[in-house]
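Asker: Next up is a structure, given as structure tokens.
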Amino acid sequence: MKVYYDFHIHSGLSPCSDDDMTPNNIVNMAKIKDLNVIAVTDHNTCKNVEACIKVGKREGILVIPGMELQTKEETHVICLFNNLDSAILFDEYVYSKLPDIRNKPDIFGNQIIYNEYDEVIGIEEKLLLNSVDLTIDEVFYRVRELGGILIPAHVDKDSYSVIANLGFIPDYLDIKTVEYTNLKRLNKLIDDKILKNNYIFIKNSDAHSLGQISEKENYIDIEVLTMEEIIRFLKGLRY
């Protein structure tokens, strides 16, 4: 079955995201755009994931728990999980590695924690835009221990990508899926032999506002629409 997706969406917890990126607004915009599954991937945190999952169940949209993590090398990686408990454990682990620097909302933006009714239940005080004290290797192995998958984010961009900062994707990490933003730039990386052509390539929105959420254009082909099946597909596993 064709499943239309957007696996890279920021909520109002990411300081660079609009405050109206609430659980209900995100899920309902995905529903309006006729998507089947989304992932909420805030910077270095999963604290709005549970509320989004609850709204998704109510509205018929599958929400994958996730995070966009900034590694010690200043590369962005998407971390997705097949259950909420694993995402919460990962969130606690990452939070302990995040520098103890307070956010300045007037400079960086608000960091709002919502419940499933879009009510503000907390404000994150630590600045979420910093690199965590973890290498990409350490992140990969911790995510794998928790049954999740690490996806290098926007590999064709000139900043905060594994290609821009490291120059390559380490083969020993057994990464199966990468995210790109522009097909022409992706093909150039492949033609220049900087990036291999044996990955699963996905295109997401990296939405920080409601209008940026993907239209019904990118899809994967899977048997059943579940968190487990999505993660299996992105790991390159087939029945």
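No lab work stands behind these numbers, since they all come straight from the coordinates. Source: prediction; values computed, not measured. Quick reminder, even Gly has a Cβ in these numbers, built from the backbone with ideal geometry, and neighbours come from all protein chains shown.
Asker: Taking segment 150-239, which GluC sites (Glu not before Pro) meet the DSSP loop condition and have no more than 12 other C-beta atoms within 10 Å?
Answerer: E215, E217, E223
Asker: Turning to a different aspect of this structure: Just name one of G236, I9, I149: the one whose Cα is farthest towards the positive end of the charge dipole of the chain (beta-carbon charges, Lys/Arg +1, Asp/Glu -1).
Answerer: Projecting each Cα onto the dipole axis, the largest value belongs to G236.
Asker: For an R0 of 41 angstrom, estimate the FRET efficiency from the Cβ-Cβ distance between N182 and Y117 and round to the nearest 0.05.
Answerer: Once rounded, the FRET efficiency stands at 0.65.
Asker: Which listed residue (N197, V55, H208) has the Cα farthest towards the positive end of the charge dipole for the chain, taking +1 on Lys and Arg C-beta and -1 on Asp and Glu C-beta about the Cα centre?
Answerer: N197
Asker: Among K157/K196; K72/K126; K47/K104; K33/K104; K33/K188; K47/K97, which pairs are too far apart, with a Cα-Cα distance over 22 Å?
Answerer: K33/K104; K33/K188
Asker: Let me ask another. I need Y95, Y114 ordered by Cβ neighbour count within 10 Å, fewest first.
Answerer: Y95, Y114
Asker: So which aspartates and glutamates pass the test for K216, namely a Cα distance under 12 Å, with those fewer than 8 places away in the same chain ruled out?
Answerer: Those aspartates and glutamates meeting the cut-off are D6, D34.
Asker: Count charges around S86 for me, please; just the other residues with Cβ under 13 Å from its Cβ, Lys/Arg as +1, Asp/Glu as -1.
Answerer: Spelling it out: positives minus negatives among the neighbours equals -4.
Asker: Please give the charge dipole size of the chain, origin at the Cα centre, charges +1 on K and R Cβ atoms and -1 on D and E Cβ atoms. Round to the nearest 20 debye.
Answerer: Here the chain has a charge dipole of around 640 debye.
Asker: Also, I was wondering about something else. Select from L183, I121, T45 the residue farthest towards the positive end of the dipole of the chain; place +1 on Cβ of Lys and Arg, -1 on Cβ of Asp and Glu, and compute about the Cα centre.
Answerer: The one lying farthest along the dipole's positive direction is L183.
Asker: Another question about this same structure. Among F233, F7, F108, what is the fewest-to-most ranking by other Cβ atoms within 10 Å?
Answerer: Lowest count first: F108, F233, F7.
Asker: P(r) for segment 156-239: what percent of alpha-carbon pairs falls in each 5 Å bin, starting at zero?
Answerer: Percent of Cα pairs in each bin: 3, 12, 20, 23, 19, 16, 7, 1.
Asker: Sticking with this one: Out of these labelled values of semi-axes √(5λ) of the Cα gyration tensor in Å, (1) 38, 25, 20; (2) 30, 20, 17; (3) 25, 22, 17, which was calculated from the coordinates shown here?
Answerer: (3)
Asker: Which value in nm describes the separation of the simple spin-label points at S159 and E73, placed 7 Å from the Cα toward the beta carbon?
Answerer: Roughly 1.9 nm, to one decimal.
Asker: With a ≥ b ≥ c the root eigenvalues of the C-alpha gyration tensor of segment 3-142, is it rounded (a/c under 1.5), prolate (a/b larger than b/c) or oblate?
Answerer: Oblate shape, in that a/c is at least 1.5 and b/c is the bigger or equal ratio.
Asker: If R₀ is 41 angstrom, what is the calculated FRET efficiency for the pair K196 and I32, using the beta carbon separation as r and rounding to 0.05?
Answerer: 0.65
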